[in-house]
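See structure below.
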Amino acid sequence: MQSCYFCHLCQGGTTRCVLCPAAVQRGRVPPSQHALPGQIPLTNGDALNGHSYLSSFISLLLRAEPYPPSRYAQCMQPSNIMGIDNICELAARLLFSAVEWARNIPFFPDLQVTDQVALLRLVWSELFVLNASQCSMPLHVAPLLAAAGLHASPMAADRVVAFMDHIRIFQEQVEKLKALHVDAAEYSCLKAIVLFTTGEYLFFP
């Protein structure tokens with residue numbers, strides 16, 4: 001069976017996409033349903049595969065961003081003193097912006113609320129990494145995130161080791177993405193691929 005367009009987008013068609021008819025129950029979104037304002041109808045196969053469709057789709061992904069990356073720049077300057085409260089607020093904003101972005105992009109609002117919640121619970125950490133990298137989170141913030149996490153939820157020594165290992169992986173992934181000089185359009189596409197891909201994690205093992 002030939003994979004759908006989004007399955008092809010998600011890792012060359014090797015991973016099932018939640019937008020594939022095999023992954024979404026028939027009848028959940030009626031074929032005759034009109035596209036919501038700001039969304040692109042999928043009735044024309046030529047438009048779906050054309051460059052103009054991709055350009056329009058990427059534009060919608062970009063417009064869905066709730067906050068510009070510069071909004072976080074001031075609070076993350078190396079010269080600023082960041083307490084635990086500031087770090088928790090920053091992390092909450094990054095996570096909240098990922099949820100708001102997902103709610104505003106094409107197709108995601110068409111899913112049932114339970115499916116939306118399930119997808120976000122599955123990939124929130126990857127979206128958080130992408131948002132942290134997109135706003136150029138500096139190196140000194142990751143240890144503060146660890147301290148904030150330990151302060152909010154004390155844990156046993158063995159769990160602390162595993163927790164700090166996750167912080168290290170998070171820091172490495174953010175720095176790798178920053179080194180690639182990914183632009184805003186590429187970040188939006190990466191987040192869409194992460195959100196609409198089920199199966200294997202794209203960043204964390």
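The values are calculated or read from the model by the stated rules, or taken from the named source; none is laboratory data. Being a predicted model, the structure only gives us computed values, none of them experimental. Note: ideal-geometry Cβ built from the backbone for every residue, glycine included; neighbour counts use all protein chains shown.
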Flagged pairs (Cβ under 7 angstrom, 6 or more apart or on separate chains; first in region 115-134, touching a residue at least 40 places away in the same chain (Cβ under 8 Å); second among the aromatic types (Phe, Trp, Tyr) and surrounded by fewer than 22 Cβ atoms within 10 Å (Cβ to Cβ)) are Ser125/Phe204; Glu126/Tyr201; Glu126/Phe203; Val129/Phe170; Val129/Phe203; Leu130/Tyr187; Gln134/Tyr187
Go over the candidates Ala148, Ala185, Ala192 one by one and state the one that is assigned to a helix (DSSP H, G or I), at pLDDT below 75 and of a type outside the set (D, E, K, R).
Ala148
Selection within region 71-106 - over 18 Å from Cys189 (Cα atoms), part of a helix (DSSP H, G or I) and either of a type in the set (Phe, Trp, Tyr) or at pLDDT below 60 (or both)
Arg71, Tyr72, Gln74, Cys75, Met76, Phe96
The conditions are (1) at pLDDT 90 or above; (2) at positive phi, and Ser136 fails exactly one of them. Which is it?
(1)
